[in-house]
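Encoded as structure tokens, the structure appears first; notes follow it.
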Amino acid sequence: MAAAAIAVIINCSTRESSALALASTVVHGKLPVRLIDCESTDGSVDLFASMQARFPHTLERWPLRAHGAALDALFASVEADFVLLVDSDAEIVSPSLVPAMRGALADERVYGSGFL
């Protein structure tokens, strides 16, 4: 059965910032988190594996690809009605952010919601 919503973080040797993105998404996003590591060489995989007990997430290892190709592969493989793409250098600092974004998607004419 597909999840209603999932958060996805793609890491490419940005261990520290991706760790912050992961922790803040688990704590404030209240969504299942899928962390995809793309051939990192900075010890990212070991760090994320050690974080799984405290910040539950699935950890996958993917080949490094061009941005568009990675997103195509992601959307072809994701089993969720809603996908929150979290940049590896983002930090979610408010528990109200994800519910507000999901609320914006309630209108059938809307296909996406985001912020800078």
What's the number of the only condition in (1) in a helix (DSSP H, G or I); (2) open to solvent by 70 Å² or more (accessible area, probe 1.4 Å) that Asp89 fails to meet?
(1)
List the pairs whose first member sits in segment 48-71 and is in contact (Cβ under 8 Å) with a residue 12 or more places away in the chain, whose second member is of a type in the set (S, T, N, Q) and part of a loop (DSSP other than H, G, I, E, B), and whose Cβ atoms are under 7 Å apart, counting only residues at least 6 apart or on separate chains?
Leu59/Gln52
Would you point out the residue of segment 92-106, among those that are among the small types (Gly, Ala, Ser) and modelled with pLDDT of 90 or more, that is least open to solvent (accessible area, probe 1.4 Å)?
Ser94
So how many residues does segment 1-35 have that are touching a Cys at 6+ places or on another chain (Cβ under 9 Å) and either touching a residue at least 60 places away in the same chain (Cβ under 8 Å) or open to solvent by less than 20 Å² (accessible area, probe 1.4 Å) (or both)?
4
Pick from segment 16-37 the residues that are within 15 Å of Asp89 (Cα to Cα) and part of a strand (DSSP E or B): which of them is farthest from the chain's Cα centre (by Cα)?
Asp37
Pick from segment 38-86 the residues that are open to solvent by 70 Å² or more (accessible area, probe 1.4 Å) and in a helix (DSSP H, G or I): which of them is nearest to Cys12 (Cα to Cα)?
His67
Right, Arg109: among the basic types (Lys, Arg) and either at pLDDT 95 or above or in contact with a His (Cβ under 7 Å, 6 or more places away or on another chain) (or both) or not?
no
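The values are calculated or read from the model by the stated rules, or taken from the named source; none is laboratory data. What you see is a predicted model; the values in this text were computed from it and never measured. No Cβ is skipped: glycine too gets one built from the backbone with ideal geometry, and neighbour counts run over all protein chains shown. These accessible areas exclude ligands, DNA and RNA; they are computed on the full protein's heavy atoms, side chains included. Shrake-Rupley method; radii C 1.70, N 1.55, O 1.52, S 1.80 Å.
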